[in-house]
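Quick one: the structure is below, and I'll ask about it shortly.
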Amino acid sequence: MSFWVIFKLFGSLALLMFGMKLMSEALQKLAGPQLRHVLGAMTTNRFTGMLAGVFTTAAVQSSTATTLMTVSFVNAGLLTLMQAIAVIMGAHIGTTATAWLMSAGFAFNVAVFVYPALFFAIILLYMKSRRIVGDLLFGAAFLFLGLGTLLDTAFLLVHDPAAGPAVTTFFADFCDAGFWNSLFFLLMGTILTLCVQSSAAIMAITMTLCATGLLHIEQGLMLVLGENIGTTITANIVAVSANVHARRAAFAHFVVNAVGVVWALILLKPFFAMVCSLVGYDAAMPPSAPGFALKTAVVLAAFHTAFNVVNTFLLIGFVQYIERFVCWVVQPKKVDEEEDFRLHFIQSGIMKTPELSVLEAQKEIRSFSERMHSMFGMVRELLTEKDEQRFARQYARIEKYEGISDNMEIEIAKYLDQVGDAHLSDDTKAKIRAMLREISELESIGDSCYHMARTIQRKAQAKKDHFTDRQYEHIHQMMELTDQALEQMNSLLTGRKESYDVNRSFNIENEINNYRNQLKSQNINDINNHLYSYAVGTIYMDLINECEKLGDYVVNVVEARMGMRQKDA
């Protein structure tokens, strides 16, 4: 029987974690875009930033989601590191709503809520316009079902004649309130949260152990403090491969909680006594007392909230010093990130929702676009480079960028395919289709730039073939138009498509097409008039035609971003 009880414990914990994830994803699908706008608007100072973090995290039931959005905003230059630290502090307060939600599961028979919720959820799931609400109900039902099963199974284990005494004796050995025992539970809370990647799951275990009387309340408090550190270490591990802004934001997350745990350990007894007096909890209450389980869950939730609220208000005035400290500790890597192929915004190794994954992919595509614009600038420089050594170095650099463009397309596409495997809203599916088209066209822009570089190299190797001054002038004019098209494309990918006038891109494309047709006719006349050789004219028109192709790829990116259908070839 004991083995089945153990399996039931682990199964109920898995059900709780799945419910939490499903509920968080549904909430983000319902309010994700609006919350991102709120997060961007409510950060004019540290206090409004803190409130934005509180409301956003409470709304999506995930401090990880808020932290990822915040880091993405810092990467995009929409938030400063100081503003991000304030938002992360607020997220620490907002995440305490989860503990209160779980404590409600100790107050009533979960079956009263769970089974009706599952019934309505399955109906809503088959209604296209209401299936996200169905996901939300399923998540909440699974959360409470997992929590209720976890609690019932723990009580069953305690009262099992075969296993109960052994389990009670095992935990009794750890109930000494000494320093080493307290440190052990602090480390256990940290390690378990790091392994499970869910502070909510460890909070549920803590509440269950304390509610059944297996664990003394003081050891439960140490687990809660350990959870606060563990949830920050996960973000730091993920940020190791990210850019300097993400690493600093993640480290600030750790610093804020670590400082809080230090003062909480020093003032644990008076601080806990204050929390007990606020909620009317008697620490000497025996497990057999009426309402013991509920009161224990409530005092743990209250301690979690009080700790994060007090810690935030203690440190909110020192945000600028925290910023200086993390900037001093986390230094930029001594590599040219522009020359180093690495996805800067897309991160793996942490549980994320599809809505946030799409946001990361959009940032990565913008970075991809900027790199392609830089690559075209290198081609323009290569055209006028006379020194052979500098020419060779510039050509090698363009070759490297062509490889980067191929790799970026593959890696972003693989990431979007993984995101596409999840249960997505129709709007998110459309975004993913558009982004796959965007990266394909951006890679084609990289190919065009490389083809132009090869054409220029071919001209340089044929030392007898030289462009006339007039040809150089025409090529520069065509490249200037192409550069304007790339600038407009980057402007669209950086800003909001609602405020973008797509006719700007279409007008530039028309100019490029008309200019190409004009130069094509003129090139035939110039060759017939022996102004230059046929070979020179061929290389010249290869560059002009490649610019025109590149302009077409730019328009395709613009159409994909604006949600327009691709024109027939």
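Which of the residues spanning the range 431-469 are under 21 Å from Glu381 (Cβ atoms) and of a type in the set (Lys, Arg)?
The answer is Arg454, Arg458, Lys459, Lys463.
Yes/no matrix, rows are residues, columns are (1) open to solvent by less than 20 Å² (accessible area, probe 1.4 Å); (2) at pLDDT 65 or above:
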position	(1), (2)
Ala166	no, no
Asp173	no, no
Phe185	yes, yes
Met188	no, yes
Leu209	no, yes
Ile229	no, yes
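Might you let me know whether the range 416-435 holds any residue that is crowded, with 19+ Cβ neighbours inside 10 Å, more than 30 Å from Thr538 (Cα to Cα) and either charged (D, E, K, R) or without any contact (Cβ under 8 Å) to a residue 40 or more places away in the chain (or both)?
Checked the range 416-435: at least one residue is crowded, with 19+ Cβ neighbours inside 10 Å, more than 30 Å from Thr538 (Cα to Cα) and either charged (D, E, K, R) or without any contact (Cβ under 8 Å) to a residue 40 or more places away in the chain (or both).
Further, regarding this structure: Exactly one condition in (1) touching a residue at least 24 places away in the same chain (Cβ under 8 Å); (2) in a helix (DSSP H, G or I) is not met by Phe467; state its number.
(2)
Return a yes/no flag: does the range 298-305 have any residue that is in contact with a Gly (Cβ under 7 Å, 6 or more places away or on another chain), without any contact (Cβ under 8 Å) to a residue 60 or more places away in the chain and open to solvent by less than 40 Å² (accessible area, probe 1.4 Å).
Initially, the range 298-305 is screened for residues in contact with a Gly (Cβ under 7 Å, 6 or more places away or on another chain), giving 300.
Imposing the further condition that a residue be without any contact (Cβ under 8 Å) to a residue 60 or more places away in the chain reduces the set to none.
No; the residues of the range 298-305 include none that is in contact with a Gly (Cβ under 7 Å, 6 or more places away or on another chain), without any contact (Cβ under 8 Å) to a residue 60 or more places away in the chain and open to solvent by less than 40 Å² (accessible area, probe 1.4 Å).
Residue-wise test of (1) surrounded by 15 or more Cβ atoms within 10 Å (Cβ to Cβ); (2) modelled with pLDDT under 90; (3) under 23 Å from the mean Cα position of the chain (by Cα); (4) more than 19 Å from Ile93 (Cα to Cα).
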position: Thr232; (1), (2), (3), (4): yes, yes, yes, no
position: Ile237; (1), (2), (3), (4): no, yes, yes, yes
position: Ala246; (1), (2), (3), (4): yes, yes, yes, yes
position: Val255; (1), (2), (3), (4): yes, no, yes, no
position: Phe272; (1), (2), (3), (4): yes, yes, no, no
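Name the residues in the range 274-293 that are open to solvent by less than 40 Å² (accessible area, probe 1.4 Å) and of a type outside the set (Gly, Ala, Ser), would you?
Val275, Cys276, Tyr281, Met285, Phe292
Against the condition modelled with pLDDT of 90 or more and within 30 Å of the chain's Cα centre (by Cα), how does Glu411 come out, does it pass? Steps first, answer last, please.
Details: modelled with pLDDT of 90 or more: no; within 30 Å of the chain's Cα centre (by Cα): yes.
For Glu411, the condition - modelled with pLDDT of 90 or more and within 30 Å of the chain's Cα centre (by Cα) - is not met.
The conditions are (1) within 21 Å of Ser367 (Cα to Cα); (2) surrounded by fewer than 16 Cβ atoms within 10 Å (Cβ to Cβ); (3) at pLDDT below 90, and Lys386 fails exactly one of them. Which is it?
(1)
Going by the structure shown, is Ser405 at pLDDT 85 or above, small (Gly, Ala, Ser), assigned to a helix (DSSP H, G or I) and surrounded by fewer than 20 Cβ atoms within 10 Å (Cβ to Cβ)? I'd like the intermediate steps shown before the answer.
On the way: at pLDDT 85 or above: yes; small (Gly, Ala, Ser): yes; assigned to a helix (DSSP H, G or I): yes; surrounded by fewer than 20 Cβ atoms within 10 Å (Cβ to Cβ): no.
Judged against the criteria, Ser405 is not a match.
Determine if the range 342-358 includes at least one residue that is modelled with pLDDT under 90, assigned to a helix (DSSP H, G or I) and among the aliphatic types (A, V, I, L, M).
Step one: list which residues in the range 342-358 are modelled with pLDDT under 90, which gives 342-358.
Pick out the ones that are also assigned to a helix (DSSP H, G or I) and you get 354-358.
The next check asks that each one be among the aliphatic types (A, V, I, L, M); those that pass are 356, 358.
Looking through the range 342-358, at least one residue is modelled with pLDDT under 90, assigned to a helix (DSSP H, G or I) and among the aliphatic types (A, V, I, L, M).
Give me the residue from the range 487-508 that is of a type in the set (D, E, K, R) and assigned to a helix (DSSP H, G or I) and, out of that set, nearest to Ile445 (Cα to Cα). First the steps, then the outcome.
Narrowing the range 487-508 to residues of a type in the set (D, E, K, R): 487, 496-498, 501, 504.
Checking which are assigned to a helix (DSSP H, G or I) leaves us with 487, 497-498, 504.
Working: Glu487: 13, Lys497: 21, Glu498: 25, Arg504: 19 Å.
Looking at the filtered set, the residue picked out is Glu487.
For the range 100-124, what are the residues that are at pLDDT below 80 and buried (at least 16 other Cβ atoms within 10 Å of the Cβ)? Break it down into steps so the answer makes sense when it comes.
Kept after step one, since they are at pLDDT below 80, are these residues of the range 100-124: 101-113.
Leu101, Met102, Ser103, Ala104, Gly105, Phe106, Val110, Phe113 - these are the residues of the range 100-124 that are at pLDDT below 80 and buried (at least 16 other Cβ atoms within 10 Å of the Cβ).
Pull up the range 452-463, narrow it to residues that are open to solvent by 80 Å² or more (accessible area, probe 1.4 Å) and more than 14 Å from Thr538 (Cβ to Cβ), then point me to the one that is modelled with the highest pLDDT.
The first filter runs over the range 452-463 and keeps only residues open to solvent by 80 Å² or more (accessible area, probe 1.4 Å), leaving 454, 458, 461, 463.
Okay, now just the ones that are also more than 14 Å from Thr538 (Cβ to Cβ), so 461, 463.
Details: Gln461: 83, Lys463: 71.
By that ranking, first place goes to Gln461.
Determine whether Ile410 is open to solvent by less than 30 Å² (accessible area, probe 1.4 Å) and in a helix (DSSP H, G or I). It would help to see each step written out before you state the result.
Numbers: open to solvent by less than 30 Å² (accessible area, probe 1.4 Å): no; in a helix (DSSP H, G or I): yes.
When the stated conditions are applied, Ile410 does not pass them.
Are there any pairs, at least 6 apart or on different chains, whose C-beta atoms fall under 7 Å, with the first in the range 510-535 and surrounded by fewer than 16 Cβ atoms within 10 Å (Cβ to Cβ) and modelled with pLDDT under 95 and the second aromatic (Phe, Trp, Tyr) and part of a helix (DSSP H, G or I), and if so, which?
Between residues of the range 510-535 that are surrounded by fewer than 16 Cβ atoms within 10 Å (Cβ to Cβ) and modelled with pLDDT under 95 and residues that are aromatic (Phe, Trp, Tyr) and part of a helix (DSSP H, G or I), there is no close pair.
Give me the residue from the range 557-569 that is in a helix (DSSP H, G or I) and surrounded by fewer than 21 Cβ atoms within 10 Å (Cβ to Cβ) and, out of that set, modelled with the lowest pLDDT. Walk me through it before giving the result.
To start, the set of residues in the range 557-569 that are in a helix (DSSP H, G or I) comprises 557-562.
Still in the list and also surrounded by fewer than 21 Cβ atoms within 10 Å (Cβ to Cβ): 559, 562.
Details: Glu559: 92, Met562: 88.
Residue satisfying both the conditions and the ranking: Met562.
Scan the range 55-66 and give yes if some residue there is open to solvent by less than 20 Å² (accessible area, probe 1.4 Å), at pLDDT 80 or above and farther than 15 Å from Phe251 by Cα, otherwise no.
Within the range 55-66, the first condition is being open to solvent by less than 20 Å² (accessible area, probe 1.4 Å), and the residues that meet it are 56-57, 60, 63, 65-66.
From the residues that got through so far, the ones that are at pLDDT 80 or above too are none.
No.
The values are calculated or read from the model by the stated rules, or taken from the named source; none is laboratory data. Computed from a predicted model, the values in this text were never measured in an experiment. Note that we place each Cβ from the backbone using ideal geometry, even for glycine, and neighbour counts take in every protein chain shown. Only protein heavy atoms, including side chains, enter the accessible area calculation; ligands, DNA and RNA are left aside. Shrake-Rupley method; radii C 1.70, N 1.55, O 1.52, S 1.80 Å.
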